[in-house]
Structures are given as C-alpha cells and as structure tokens.
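Notes for the one structure printed next.
The values are calculated or read from the model by the stated rules, or taken from the named source; none is laboratory data. Keep in mind that what you see is a predicted model, and the values were worked out from it rather than measured. All Cβ positions, glycine included, derive from the backbone under ideal geometry; neighbour counts span all protein chains shown. These area figures cover heavy atoms from the full protein model, side chains too; ligands, DNA and RNA do not enter into them. Shrake-Rupley method; radii C 1.70, N 1.55, O 1.52, S 1.80 Å.
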Amino acid sequence: MKRCVFFGHRDCPITIKPMLKRVIVELIENDYDDFMVGNNGGFDRMAQHCLEELSHTFGGFRYSIVLERLPKAGEKGVENSILADGIEDCPARFSIDRRNEYMLRAADVVVCYITKGYGGAHKFVEKARRRKKKIINIADKKDRR
C-alpha cells in the first residue's frame with residue numbers, strides 16, 4: 001500500500017483544482033492506493049472533492065477523511081471518515097496537530113499547497129521534509145490550468 005496525505009492553507013484559490021486533480025491522477029497511475037485528507041479549510045475540501053470525483057472514474061484506491069475530533073450526533077459530512085489514533089483523549093486545542101501527526105507518520109508522499117512560511121500546514125510540510133518524505137507542492141507547479 002502506498003499512501004498520500006494532504007496539507008494546505010485554508011485559503012487556497014480554486015484555480016489550483018485542475019493541477020491538484022492531475023497530481024492525484026498521476027499518483028493513482030503510480031500505484032498510490034490510499035489517500036488521507038483532513039477536514040479543515042479550503043485545500044482539504046478541494047482535495048476531498050477531487051478524490052470523490054476521481055473515485056467514480058478510477059477504481060482500486062480508497063480515501064479517508066481524517067477527523068480531529070469525534071463527530072457530534074447526526075453531524076453531516078463524515079462519510080469516509082476515520083479518527084486519528086488517540087484523538088479521543090486529546091485536548092481540543094491540540095487535536096488538529098495530533099491528527100496531522102498521525103497522517104504524517106502514515107505518509108509515503110505529501111501533496112500540499114504552501115505559499116506562506118507559517119501556519120499549521122507549513123509546520124507539517126517542514127516536518128515531512130525533515131523526515132525525508134516526498135513532497136509535491138501544488139504552489140510550485142507552473143501550469144495551473
């Protein structure tokens with residue numbers, strides 16, 4: 001199993017969606033079969049949407065939305081979701097970092113959208129770099145059509 005995770009800024013432009021989708025397709029074609037994405041912010045929602053669309057076109061891969069907290073009773077939008085290990089007893093203010101750490105430990109490749117040198121997404125991409133994970137930054141791609 002080859003796993004891809006996603007980290008990105010909350011406020012990413014919709015113009016990156018075609019490039020993000022192309023990167024995901026390339027990963028699927030290169031035998032990546034497990035994708036994990038969070039549920040906070042614009043980049044996460046865009047990655048979720050791309051994965052959902054591609055799940056109708058490609059078979060043989062799965063994706064999970066990794067939650068940073070237990071869902072509330074009757075909460076919508078938690079289909080395909082999993083909880084990060086140990087999240088149940090994590091204080092709320094640390095739960096996103098704990099979820100991201102869980103994803104990073106599991107990752108073979110990180111797909112990200114990083115344009116700023118600060119914030120949670122930047123912090124975890126830097127951790128990925130130190131751990132020698134393969135990183136694909138959509139913001140570095142020249143052709144965004």
Note to self: For the range 78-128, take the convex hull of the Cα atoms, compute a quarter of its surface area, and give me that in nm², please.
What the structure shows: 4.4
Notebook entry, point to check: Carbon and sulfur: what percent of the chain's accessible surface (1.4 Å probe)?
Noted result: 49
Checklist line | With at most 15 neighbouring Cβ atoms within 10 Å, loop chymotrypsin sites (Phe, Trp or Tyr not before Pro) (DSSP) excluded, longest segment of the chain | finding: 59-117
Notebook entry, point to check: Most mobile of ASP85, ASP44, ASP11 per a Gaussian network model of the chain (Cα springs, under 10 Å)?
Noted result: ASP11
Check: Straight-line reach from LYS17: which lysines have Cα under 28 Å away, leaving out those fewer than 8 places along the same chain?
Finding: LYS2, LYS76, LYS116, LYS123, LYS127, LYS132, LYS133, LYS134, LYS141, LYS142
Item checked: Rounded to the nearest 10 Å², the accessible area of SER95 at probe 1.4 Å -> 10
Note to self: Not counting ligands, DNA or RNA, and with a 1.4 Å probe, what is ILE65's accessible surface area in Å² rounded to the nearest 10?
What the structure shows: 10
Notebook entry, point to check: What is the Cα convex hull volume of the chain when expressed per residue in Å³?
Noted result: 116
Item checked: Expected 222 nm ellipticity per residue - DSSP helices of 4 or more, -39500 (n - 2.57), all of the chain, to 500 -> -11000 deg cm²/dmol
Check: Can you give the extra length, in nm with one decimal, that the chain gains between SER55 and ARG3 once fully stretched, where that is 0.36 nm per residue apart less the Cα-Cα distance?
Finding: 17.2 nm
Next item on the list: Can you bin the range 100-141 into rounded, prolate or oblate? Criterion: square roots of the alpha carbon gyration tensor eigenvalues sorted a ≥ b ≥ c, rounded for a/c under 1.5, prolate for a/b above b/c, oblate for the rest.
Entry: oblate
Note to self: At 1.4 Å probe radius, can you tell me the per residue accessible area of the range 1-124 in Å²?
What the structure shows: 51
